[in-house]
Amino acid sequence: MQLAVVADVHLHDLYGGYGLIDEGSGGMALRTLADTMASTRVFNESHPAFLAVLEDIVGRGIRTVVLLGDYSDDGQPGAVAALKRILSLYEERHGLRFFATFGNHDCFGPEPRHQGKWLTVGAESEPVLVTSDPDAPLPAVVKPAMRGMSTAEAMQAMGGYGIARPGHVGHWETPFGDREALQERYPEGGDPEALDASYLVEPHDGLWLLVLDANVFTCKNGFSKLESDAAWDHVLARRPYLLEWIEAVAQRAKRLGKTLLAFSHYPALPLSLMGEGERSIAVGTSDWLKRMPSLETGRSLAGAGLTWHFSGHMHVAGRTQLYGLTNVAVPSPVGYPGGYVVIDIDGPAVEVQMVELTEVAGFDVAFAAYNAQRQHDPNGLSALVIGAAGYADFLEAHLRALVTLRHVPNDWPELVAYLDQPIGTFCRQNAGWGQVLAAWEDCPLVPLRVVLEDYYLRRARGLNSAALDHLTMLRTSLRACS
């Protein structure tokens, strides 16, 4: 049997318009070029990219799909309604079944959260800030439809996708026994506002999907903060019952001969490791590392019996293995390399394939508006992005631009001034980097920018340090410099 796993769709409500345009009018509410060039995901392209993913899934004959969270771009009712219309279309026409969990962009704890976005309605319009905050300074346009959902609202909205007991499945349960009502999804005697949407479902005979809600919130100064950095560390610290339930489920799965696969939005292991077994260490940039769980967390989840876990959040592809646990990083359709994952299950055997999106019909839906906004692009990098011939090239060009605009300034600010310098010259002037860049010693005229782009492109594809010695040195050097 097969199932598909789709992460980080980040669906933008392109045609509903967050109250800025009338739904069904044919108009579009577009995110700006400036926001697109500054983000690790693209926005306006999410609608056609998601349709392309679903069409590919249908073409493969797959009928079960897991959504790993961040299915919306900030949990607005309109964005979630737009997603549900698409899901309903594929349920009705093609018999697909969807099972979902939440990401950090889908819901915001006990209370909804004000959101604001710069939007345009076409090539000729100026961007306007659309916000749900009535106290926002003018000339913002206040639209309640921009508000992001609370967790309770999100559970109600997405209950039909596994979060509430579905029909036509072999088995379904939550960590809370017979407390199945959405408003009761917390430990008895616990905090009614700390809702947990985790569930176990058997969509096919012999296959158990353990879909885990890893959104944990901390109240600070009356404000709910989502602990999305090293998220699974916080889950195990704040939800000890969840590890007990995972262990009980894993033991039952083994006893009953079920294939158990686990899913959540956040990685259960660091996505880049160096070394073997107990000598393994997490490697990467400082920003990357702070988002990874500790190795001890991975050990705990493996000790509870998990052998397969599928995660999103980082918008990259890849696979790491430690302590008998394999974490598969599922790429996003709206970030390089762009795609999703197919799982083949044959009895106890599990095989995983990354499917890359190469062509997406209508991905250039916002390009006319982008071209009109290029005059405000001081770096000129957007021309390469807009000039891409196809969707795969578009996402690659977008990531290359991000290296200059975001990643290097954040990760290696000391290298910003040298990006256009040939690496031969750079190494002569910065002797400590000679060994790190030795893999490129035969091409001394290559700009440092290209070397760093290569690093981030390879990282996005999950080509970690075990296979690429020069990247091992680059990452290790970064840790020493940070």
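The values are calculated or read from the model by the stated rules, or taken from the named source; none is laboratory data. Only a predicted model underlies this, so the values are computations on that prediction, with no experimental measurement involved. Neighbour counts are summed over all protein chains in view; Cβ atoms, including those assigned to glycine, are modelled from backbone coordinates with ideal geometry. To get the accessible areas, we keep the full protein, side chains included, count just its heavy atoms, and leave off ligands, DNA and RNA. Shrake-Rupley method; radii C 1.70, N 1.55, O 1.52, S 1.80 Å.
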_Restricting segment 396-427 to residues that are open to solvent by 60 Å² or more (accessible area, probe 1.4 Å) and without any contact (Cβ under 8 Å) to a residue 60 or more places away in the chain, the residue that is nearest to the chain's Cα centre (by Cα)_ = R400
*May I ask you to list the residues in segment 18-47 that are assigned to a helix (DSSP H, G or I), touching a Leu at 6+ places or on another chain (Cβ under 9 Å) and not aliphatic (A, V, I, L, M)?*
Y18, S46, H47
*Only listed residue being in contact with a Cys (Cβ under 9 Å, 6 or more places away or on another chain) and open to solvent by 30 Å² or more (accessible area, probe 1.4 Å), chosen from E180, E153*: E153
*Looking only at segment 378-395, count how many residues are more than 17 Å from G338 (Cβ to Cβ) and assigned to a loop (DSSP other than H, G, I, E, B).*
5
_Residue satisfying condition, being among the β-branched types (V, I, T) and out of contact with any strand residue (DSSP E or B) (no Cβ under 7 Å at 6 or more places or on another chain), within set V211, V201, V216, V249_ = V216
*If you go through segment 273-299, how many residues are out of contact with any Phe, Trp or Tyr (no Cβ under 7 Å at 6 or more places or on another chain), of a type outside the set (K, R), in a loop (DSSP other than H, G, I, E, B) and in contact (Cβ under 8 Å) with a residue 40 or more places away in the chain?*
6
*Odd one out for Y370 among (1) open to solvent by 70 Å² or more (accessible area, probe 1.4 Å); (2) touching a residue at least 60 places away in the same chain (Cβ under 8 Å); (3) part of a helix (DSSP H, G or I); (4) not aliphatic (A, V, I, L, M)*: (1)
*Residues located in segment 142-154, provided they are under 23 Å from F217 (Cα atoms) and part of a helix (DSSP H, G or I)*: M146, T151, A152, E153, A154
*When you scan segment 317-341, how many residues do you find that are in a strand (DSSP E or B) and closer than 19 Å to H265 by Cβ?*
11
*What residue, among those in segment 308-359 that are within 12 Å of the chain's Cα centre (by Cα) and of a type in the set (V, I, T), is farthest from D205 (Cα to Cα)?*
V334
*Which of the following residues is in a helix (DSSP H, G or I) and either among the charged types (D, E, K, R) or closer than 19 Å to Y18 by Cβ (or both): R179, R85?*
R85
_Failed item, numbered, when M1 is tested on (1) among the hydrophobic types (A, V, I, L, M, F, W, C); (2) open to solvent by less than 10 Å² (accessible area, probe 1.4 Å); (3) under 22 Å from V201 (Cα atoms)_ = (2)
*Which is loosely packed, with under 15 Cβ neighbours inside 10 Å and either in contact with a strand residue (DSSP E or B) (Cβ under 7 Å, 6 or more places away or on another chain) or assigned to a strand (DSSP E or B) (or both), of P134, P139?*
P134
*Inspect segment 39-53 for any residue being surrounded by fewer than 23 Cβ atoms within 10 Å (Cβ to Cβ) and in contact with a Phe, Trp or Tyr (Cβ under 6 Å, 6 or more places away or on another chain) and give the result as yes or no.*
yes
_Taking the conditions exactly as written (open to solvent by less than 80 Å² (accessible area, probe 1.4 Å), in contact with a Pro (Cβ under 6 Å, 6 or more places away or on another chain) and not in a helix (DSSP H, G or I)), does V352 satisfy them or not?_
no
*Would you be able to tell me the number of residues in segment 369-427 that are farther than 26 Å from L119 by Cβ, touching a helix residue (DSSP H, G or I) at 6+ places or on another chain (Cβ under 7 Å) and among the β-branched types (V, I, T)?*
4
